[in-house]
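Inspection log for the structure reproduced underneath, given as structure tokens.
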Amino acid sequence: MKIYDIAIIGAGPAGIAAAVEAYALGITNIILIEKSNNHSTTIRNFYKEGKRVDKEWMGQKLESNGTITFLDGTKESTLDFFDDLLSNHKIESAFNEEAEKVVKNGDIFDIATTASNYHAKSVILSIGKMGKPNKPTCIMSPEAKKRVHYNLDACSENESVLVVGGGNSAAEYAVDLAEKNDSALSYRRPNFTRLNAINLLNLERLSSHGKIRMLLGTNITAIEAIEAKVKVSFEEIEHEVFDRVVFAIGGSTPVDFLKKCGVELKDGEPILSDEFETDTKAMFISGDIAFKNGGSIVVALDMSYKIVQKIKLDVLS
Ligand SMILES: Cc1cc2nc3c(=O)[nH]c(=O)nc-3n(C[C@H](O)[C@H](O)[C@H](O)COP(=O)(O)OP(=O)(O)OC[C@H]3O[C@@H](n4cnc5c(N)ncnc54)[C@H](O)[C@@H]3O)c2cc1C
């Protein structure tokens, strides 16, 4: 089993800086995991073409103490800047892989992504604030939307809940619900290909005991409200009525992701030490996701520099 010194989740300014500053400190056994097919999704997708990029963004005056010198520029020059940083260092990267969960077993973190599993002595969560759950494309009335969710927060005991999806999040939601709810799992494919062994085993066990109804090979076409419930129509089978539908079809809000990783939050903000470490030793948070109202590029660079210094001293020495 390969064990990385650092697993970095999210290749925005914070994640790239963590990788580059780690290299500068001689730590090269690292993996950078990014859900998109390229780095810096926030800058790429949310900045207008030609946008001026200010080093002192929203009055946040700061110099990064690390080796990276960031200057004012434009959207394009900023993306080039981070391109160059990445290509000047041979950083092992996993693009198109969304991290779904991080769990610590003993001294080692297990990082489950949509495509693989990684193991590391330390983890830096640098996922930004812009993540959103993927939304379904089926027809849905506005009234029905009130009973359609993207996590289990609104579900209570004894409700009938349809979970939709074929990944580990969907499986875990269905398993969580099975004890106290009438739960069903709809997946568009006839079998699961992306589940870890534990989730697959749990689903098989619960479905064989009649605790989860498996609706495999089903595609939802419409969701309508009927009184305080929702009627779900499928392409392949008869419609069914549920109290709620929970979609887990990829993507998650950053806060949901942090909760899944066991990070304690207060007022929506992660609780961190002065050195940006969570309650879980060797799990750190860098960049926008550390703050309620986001940070800035230089703030992210500086945080990541401080975090890798701390990892070198505390975790790897
Ligand atoms: C419109 C706009 C204008 C801005 N202008 C400026 C400016 O002029 N100057 C300035 O300093 N700052 C500016 N900012 C703020 C700046 O963009 C952020 O502070 C900075 O991008 C934060 O970097 P980050 O690495 O923390 O997060 P992000 O840049 O959001 O990067 C996070 C990365 O993590 C990836 N990711 C998310 N979830 C997962 C997952 N589960 N698994 C794997 N990968 C994942 C994302 O795809 C993304 O690539 C602006 C922000 C916006 C929205």
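Can you tell me which residue in the stretch 98-110 is nearest to I297 (Cα to Cα), limited to those that are of a type outside the set (D, E) and either surrounded by fewer than 19 Cβ atoms within 10 Å (Cβ to Cβ) or within 11 Å of the ligand (Cβ to nearest atom) (or both)?
A99
I need the full set of residues from the stretch 54-71 which are under 22 Å from A19 (Cα atoms) and not basic (K, R), in order please.
The answer is L62, E63, S64, N65, G66, T67, I68, T69, F70, L71.
Just checking, which of S122, S156, S77 is of a type in the set (S, T, N, Q) and assigned to a strand (DSSP E or B)?
S122 is the lone residue from the list that is of a type in the set (S, T, N, Q) and assigned to a strand (DSSP E or B).
Quickly run through the stretch 270-309 and pick out the residues that are basic (K, R) and either crowded, with 21+ Cβ neighbours inside 10 Å or assigned to a loop (DSSP other than H, G, I, E, B) (or both).
Result: K281, K292.
Is one or more of the residues making up the stretch 224-237 polar (S, T, N, Q) and touching a His at 6+ places or on another chain (Cβ under 7 Å)?
The answer is yes; a qualifying residue exists.
Go through the stretch 28-40 and count every residue that is touching an Asp or Glu at 6+ places or on another chain (Cβ under 8 Å) and buried (at least 19 other Cβ atoms within 10 Å of the Cβ).
7
Filter the stretch 15-53 down to residues that are under 19 Å from the mean Cα position of the chain (by Cα) and part of a loop (DSSP other than H, G, I, E, B) and give me whichever is farthest from the ligand (Cβ to nearest atom).
Result: N37.
Please specify each residue of the stretch 64-90 satisfying the condition of being closer than 20 Å to G128 by Cα and exposed (fewer than 14 other Cβ atoms within 10 Å of the Cβ).
Of everything in the stretch 64-90, just one residue is closer than 20 Å to G128 by Cα and exposed (fewer than 14 other Cβ atoms within 10 Å of the Cβ), namely D80.
Take the conditions out of contact with any Lys or Arg (no Cβ under 9 Å at 6 or more places or on another chain), surrounded by fewer than 22 Cβ atoms within 10 Å (Cβ to Cβ) and not in a strand (DSSP E or B) and apply them to N134. Does it pass?
For N134, the condition - out of contact with any Lys or Arg (no Cβ under 9 Å at 6 or more places or on another chain), surrounded by fewer than 22 Cβ atoms within 10 Å (Cβ to Cβ) and not in a strand (DSSP E or B) - is met.
Mind checking which residues of the stretch 1-14 are more than 8 Å from the ligand (Cβ to nearest atom) and surrounded by 14 or more Cβ atoms within 10 Å (Cβ to Cβ)?
Y4, D5, I6, A7, I8
Filter the stretch 94-115 for residues that are free of Cβ contacts under 8 Å to residues at least 12 places away in the same chain and at positive phi and give the result.
Within the stretch 94-115, G106 is the sole residue that qualifies.
Run down T69, T113 and say which single residue is more than 12 Å from the ligand (Cβ to nearest atom) and β-branched (V, I, T).
Only one candidate qualifies: T69.
I'm told E236 meets every condition in (1) in a loop (DSSP other than H, G, I, E, B); (2) buried (at least 16 other Cβ atoms within 10 Å of the Cβ); (3) assigned by TED's automatic domain parsing to the domain that holds S169 except one. Can you identify the failing condition by its number?
E236 satisfies all of (1) in a loop (DSSP other than H, G, I, E, B); (2) buried (at least 16 other Cβ atoms within 10 Å of the Cβ); (3) assigned by TED's automatic domain parsing to the domain that holds S169 except (2).
Do you know which residues across the stretch 80-119 are in a loop (DSSP other than H, G, I, E, B) and of a type in the set (V, I, T)?
Selection gives I91, T114.
A quick yes/no check of all residues on (1) among the small types (G, A, S); (2) more than 30 Å from T42 (Cα to Cα); (3) in a helix (DSSP H, G or I):
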site: L201; (1), (2), (3): no, yes, yes
site: V241; (1), (2), (3): no, yes, no
site: V245; (1), (2), (3): no, no, no
site: F257; (1), (2), (3): no, no, yes
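Where residues in the stretch 145-186 are in contact (Cβ under 8 Å) with a residue 12 or more places away in the chain and hydroxyl-bearing (S, T, Y), which of them is farthest from R244 (Cα to Cα)?
S169
Sort out which residues of the stretch 116-131 are surrounded by fewer than 17 Cβ atoms within 10 Å (Cβ to Cβ) and in contact (Cβ under 8 Å) with a residue 60 or more places away in the chain, and write them in order of number.
Matches in the stretch 116-131: N117, H119, M130.
Name the residue, out of F82, F95, that is more than 30 Å from N151 (Cα to Cα) and within 11 Å of the ligand (Cβ to nearest atom).
F82
The values are calculated or read from the model by the stated rules, or taken from the named source; none is laboratory data. This is a predicted model, so every value here is computed, not measured. Note: ideal-geometry Cβ built from the backbone for every residue, glycine included; neighbour counts use all protein chains shown.
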